[in-house]
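See below for the structure under consideration.
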Amino acid sequence: MPGYLLILFFVIAVFYAAVGFGGGSTYNALLVLNGTDYRVLPAIALACNIIVVSGGLWRFSKAGLVAPKALLPFMLASVPAAWIGGRLPISETLFIALLGVSLLLSGLRLLWQRDVVVAPDEKLSTTLVISLLSGGGIGLISGLVGIGGGIFLAPVLYALRWDTPRKIAAACSLFILVNSISGLTGQIMKLSGHDLLGLAAPYWPLLIAVFLGGQIGSWMASQRLEPLILKRLTAILILYVAMRLILKWMNIVMF
C-alpha cells in the first residue's frame, strides 16, 4: 500500500468529521483510483467510516442532539437493506458508476447547501411508508457501494423539514454508523465466502490514519469554526475526486 494513501485518508477524515460525515464514498474513490481490488473496497471504506463517524456521534450525543427514536422508522428498513446490499455481488463497472454518482451528489449538496432554521410548527409530518421506502433504498445502495448513506439521507430530511440543521447532522451520524456496521457485516460475510478477506488486511494502517484525522475533525467542529467554509472546502475536494472517478468509469465503458 502506498504511503500517500495514509496522508489522503487522514485529510479526508479531518474534513468529513468536521462537517459531520464519515467519508466512506471518498475513501472508496481513492482506493479505486489507487487500483485496489474493487471487491474489498467497501469493507475497507466502511471500517474507516465507523471509526470516523463514531467520534462525531459522541460529540452530538454530549450536546443532546441525537434522537434515535425519531430516526427509527428510517433505520428499520435501512439496516437490513444495507446488510443485503453488502452481501450482493456487483460488477466493477456498476460499482464505479454508483460510487461516482454518489460522490457527485454529495459534493453538489455540500457546495450549495444552505442551513434553514425550522420552527416546531413548520416541521412536516413523515408517514411510515415514506420513511421505510427512503430508508430501505438508501440502505441498499449504501451496502452495495460501501458508504453510510448520510449523503442521501440529509437531503431527504431537509426536504421534509425534519428538524434543525444540527439535529439533522446528528441524525445522519447515527444513520451512517448503524448502516456502516450492517453493510460491513454483509461485506465480510461475502468476502469470507470467496476467500477474499485477506486482500483487505494490508490496508489496516488506514484505520489509524482516519482515527487520528477524525479526532482532529471532531475537535475542529467543537471549536465552532465557520462551518460554511469547511463545507465548501470539503465539497471542492469531493467534486475533484468524483470527476476523476467518472472519467475512469468512462474509460472502462468506452475502451
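What follows is calculated from the coordinates using simple rules that are stated; it is not laboratory data. Please read all numbers here as calculations on a predicted model, not as lab measurements. Because the Cβ atoms are built from the backbone with ideal geometry, glycine has one as well, and the counts that use them run over all protein chains shown.
One table, with the values for the structure above:
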| quantity | calculated |
| --- | --- |
| Reachable lysines from Lys231, criterion Cα separation under 29 angstrom, eight or more residues apart if same chain | Lys62, Lys69, Lys123, Lys167, Lys248 |
| Pair-distance profile P(r), taking every C-alpha pair of the chain, with 5 angstrom steps and integer % | 1, 7, 14, 19, 21, 18, 11, 6, 2, 1, 0 |
| For segment 122-181 versus segment 1-67, the gap between their alpha-carbon centres in whole angstrom | 18 |
| Local net charge near Ser102, Cβ-Cβ under 15 Å (Lys/Arg +1, Asp/Glu -1) | +3 |
| Most mobile listed residue (Asn34, Asn49, Asn179) in the chain, GNM with C-alpha springs under 10 Å | Asn34 |
| Of the DSSP H helices in the chain, those whose Cα atoms cover at least 20 Å axially and whose Kyte score averages 0.0 or more | 3-18, 41-62, 68-87, 92-112, 128-145, 165-193, 205-222, 227-254 |
| Around Asn251: net Lys/Arg minus Asp/Glu count, Cβ-Cβ under 14 Å | +1 |
| Burial ordering of Trp249, Trp112, fewest other beta-carbon atoms within 10 Å first | Trp112, Trp249 |
| Around Ala63: net Lys/Arg minus Asp/Glu count, Cβ-Cβ under 11 Å | +4 |
| Relative packing of 239-245, 11-17, 98-104, 182-188, which averages over residues the other C-beta atoms within 10 Å, highest first | 11-17, 182-188, 98-104, 239-245 |
| Sorted by Cβ density within 10 Å, fewest first, the residues Ser142, Ser192, Ser173 | Ser192, Ser173, Ser142 |
| The chain - percent relative contact order, Cα under 8 Å, separation 6 or more | 39 |
